[in-house]
Amino acid sequence: MPLRILFLGGSGIISSASVRLAAARGHEVTVLNRGRTTHRPLPDSVETLVADQRDAAAVDAALGDREFDVVAQFLAFTPEHVQTDLDRFRGRTGQYVFISSASAYQKPPASVPVTESTPLKNPFWQYSRDKIACEDLLMRAYRDDDLPMTIVRPSHTYDDSTLPTLGGWTDIARMRQGKPVIVHGDGTTQWTLTHTDDFAVGFVGLLGRPETVGNAYTITGDSAPTWDQVYTWLGRAAGAEPTLVHVASETIARELPDKGPGLVGDKAHSMVFDTTKLRRIVPEFTTTIPYVEGARRTLAWFDAHEDAQQVDDELDAAFDRLAERG
């Protein structure tokens, strides 16, 4: 049965593929976002409402008194954001789906694979602590007020236009120039990378399912290469055999403080996940794009989009300094 689905967001790395899949499956899809141009166009069948989510009056004007079977929130990052949604959508949706983050899981993890029962605790990254606080708010609303909510925890989800490395395109440029690239730690840490097309199968499969209410689900694939493999596969896709220089995560964090929390609080740890809980509900969920293929797709996209090939000169210089200290 078709669902009336409201995506709050809908044109980002994670959400756009889910919008496309929901529309392809015949659901009545509405997207509310700021309406900015994007290289991720929405299907013609999708209704678009334009409003900034942080402008409550604009959102209320765009939505009116409409009700939805599902409200999927991709752009809430603090409890205040979630509380605004609770005040707005209480009694107006059959399922509120909150996109949390697998970075909220215990760091460092006491054991792997990580499951939904792994504690939520990240002392390193405020972003993750805010997501945990959002989940706490939703769980209280579920217990106390019967809020029909579902929590989703993706890890590193990418599409063809995104790079997972510290420097993004700056790393690729360095590889092609024969310059060394910086890899945190000893390069053997495993990191789960999930293509957004695969994520969408798990995500859309949870929508409108009453048995998911009150539950949290990790949505990640099973492609978990080491960071050395990630950099090597990207280099080979770029036509270069990269020279890898390993530097302690804490050292990188001191040199590049803006990258420190996400590195020390997430990427520095081996994150491998057990998604049995999700697969019980969505048995068709699987990995169709392992990262060795994802790397080739990403380099093909960048090579076809010269405007996206932006080198960060300050970051490039910082990498030179780190490589010299080795």
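The values are calculated or read from the model by the stated rules, or taken from the named source; none is laboratory data. Bear in mind the structure is a predicted one, so any value in this text is a computation, not a measurement. Please note: Cβ atoms are built from the backbone with ideal geometry, for glycine as well, and neighbour counts cover all protein chains shown.
Here are a few things to note about the model shown:
- Matching option when the condition is within 30 Å of PHE319 (Cα to Cα) and aliphatic (A, V, I, L, M), among ALA110, ALA133, ALA104: ALA104
- Selection count where residues are out of contact with any Gly (no Cβ under 6 Å at 6 or more places or on another chain), of a type outside the set (A, V, I, L, M) and surrounded by fewer than 20 Cβ atoms within 10 Å (Cβ to Cβ), scope the stretch 131-147: 6
- Being surrounded by 14 or more Cβ atoms within 10 Å (Cβ to Cβ), over 17 Å from the mean Cα position of the chain (by Cα) and outside any loop (DSSP other than H, G, I, E, B) is a description that applies to GLN83.
- One residue alone among ARG280, ARG296 is basic (Lys, Arg), more than 21 Å from ALA102 (Cβ to Cβ) and assigned to a helix (DSSP H, G or I), and that residue is ARG296.
- Residue within the stretch 25-35 that is without any contact (Cβ under 8 Å) to a residue 24 or more places away in the chain and among the hydroxyl-bearing types (Ser, Thr, Tyr) present: no
- When the residues of the stretch 86-99 are filtered to those that are without any contact (Cβ under 8 Å) to a residue 40 or more places away in the chain and not small (Gly, Ala, Ser), the one that is farthest from SER15 (Cα to Cα) is ASP87.
- Check on ARG36, at pLDDT 95 or above and of a type in the set (D, E, K, R): no
- Qualifying residue in the stretch 13-24 (condition: in a loop (DSSP other than H, G, I, E, B), in contact with a strand residue (DSSP E or B) (Cβ under 7 Å, 6 or more places away or on another chain) and either assigned by TED's automatic domain parsing to the domain that holds PHE98 or over 22 Å from TYR158 (Cβ atoms) (or both)): yes
- Among the candidates HIS195, HIS184, residue that is touching a strand residue (DSSP E or B) at 6+ places or on another chain (Cβ under 8 Å) and under 25 Å from GLY26 (Cα atoms): HIS195
- Residue satisfying all of: in the stretch 199-222; closer than 15 Å to ILE13 by Cβ and not polar (S, T, N, Q); surrounded by the fewest Cβ atoms within 10 Å (Cβ to Cβ) among these: ALA200
- Selection from the stretch 299-326 of residues that are among the aliphatic types (A, V, I, L, M) and assigned to a helix (DSSP H, G or I): LEU299, ALA300, ALA308, LEU315, ALA317, ALA318, LEU322, ALA323
- Single unsatisfied condition, ILE172 versus (1) out of contact with any helix residue (DSSP H, G or I) (no Cβ under 7 Å at 6 or more places or on another chain); (2) over 19 Å from ASP258 (Cα atoms): (1)
- Tally, over the stretch 281-326, of residues that are surrounded by fewer than 19 Cβ atoms within 10 Å (Cβ to Cβ), small (Gly, Ala, Ser) and within 19 Å of ARG236 (Cα to Cα): 2
- Unmet criterion (only one of (1) surrounded by 23 or more Cβ atoms within 10 Å (Cβ to Cβ); (2) not hydrophobic (A, V, I, L, M, F, W, C); (3) not assigned by TED's automatic domain parsing to the domain that holds ALA104) for HIS246: (1)
- Matching entry among ASP69, ASP44, ASP60 (being acidic (Asp, Glu) and surrounded by 14 or more Cβ atoms within 10 Å (Cβ to Cβ)): ASP69
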